[in-house]
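Before any comments, here is the structure.
The values are calculated or read from the model by the stated rules, or taken from the named source; none is laboratory data. No experiment lies behind these values; they were computed from the predicted model shown. Cβ coordinates were reconstructed from backbone atoms using ideal geometry, including for glycine residues, and neighbour counts include every protein chain displayed.
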Amino acid sequence: MAKQRESEAAEKLYTIGTVSRLTGVGSITLRAWERRYELIHPVRKDSGHRLYTRKTIDQINRITALTDQGMRISQIRPEMLEPGQAAEVAEDGASNQWQTCLQNMLGAITAFDEARLEEIYSEVLSLYPIERVSRLLLRPLLIELGLRWEAEQEGVAEEHFFTFYLRNKLGARFHHRPRNDGGRRLLLAGMPGEYHEIALLLFALAANEKGYHLLPLGANMPLAELARVAGRTRADAIVLSGAVQPSKSVLGEDLARLASAVSIPVFVGGPASVFAADAISKAGAEALGQDMELGLRRLGERLR
């Protein structure tokens, strides 16, 4: 019976809306990757609706990682999307190690074993910088938990357990960080409608390690307030984080007003910066993508 349940879970199919929400890649982009570049191959129902397997979702995440590292979509070949071939894994030469870590953490989460979770998390952070841990472990783990939630495998409680744990750990780490009072000042905030702070905290910790002076405002920040705060704090840049797709009014009106009201660059990172890149650019802001290491590099080049 257990093997049968595992087989059914392996064959679980996900709608394009679910895949878009979990991976941060818009439905229009997913269709382009399928039709124009033949990189992914969803299952087509008789009704014409697209459904995606877990393997296809993994391939989408590898495509995103490659494009975040500067590779053009036209340069990506299907064979590059096979397990172990993605650049973000190959660069460490330890894909099995990260996969083992992910499975161990997932086991601790599903058992609600905070002591074991703490042991694994502390060990990996003692070996690698926070941006690499985020890219190769935490983000894939959050996606995995999201998929379990969608599959109704008791994933809601598991995701809430891990999110609460991680928010507390990152918050404590941020509170005790060394202050870079002489560094360039970054005003950090979550986009309107963005209620989760995990991505914002991860970026803040990575930026702190790069020597930036941070001015965090938290999640769901009205953009109309930021110009005033940026002037009062003498910020060098505004960095917004978004995992959910911002509304048309936020992108077409609020973001445009903010970008025109300040004399400093405005950046948007996270999944929202992938599926809304054109609208962000049209508003006068700059998209950083989902890869924090690459995003911080672009940020540094822009502020130099």
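What to note about this one:
- Filtered residue count, the stretch 34-52, keeping only those that are on the phi < 0 side of the Ramachandran plot, touching a residue at least 40 places away in the same chain (Cβ under 8 Å) and surrounded by fewer than 18 Cβ atoms within 10 Å (Cβ to Cβ): 0
- Exactly one residue out of Leu200, Leu214 is assigned to a strand (DSSP E or B) and within 19 Å of Val266 (Cα to Cα), and it is Leu214.
- Single unsatisfied condition, Leu127 versus (1) surrounded by fewer than 14 Cβ atoms within 10 Å (Cβ to Cβ); (2) modelled with pLDDT under 85: (2)
- Residue that is farthest from the chain's Cα centre (by Cα) [pool: residues in the stretch 191-248 that are of a type in the set (Lys, Arg) and at pLDDT 95 or above]: Arg232
- Flag if Asp254 is among the acidic types (Asp, Glu), within 23 Å of Glu197 (Cβ to Cβ) and not assigned by TED's automatic domain parsing to the domain that holds Ile28: yes
- Restricting the stretch 274-304 to residues that are of a type outside the set (A, V, I, L, M) and closer than 17 Å to Leu201 by Cβ, the residue that is modelled with the highest pLDDT: Gly295
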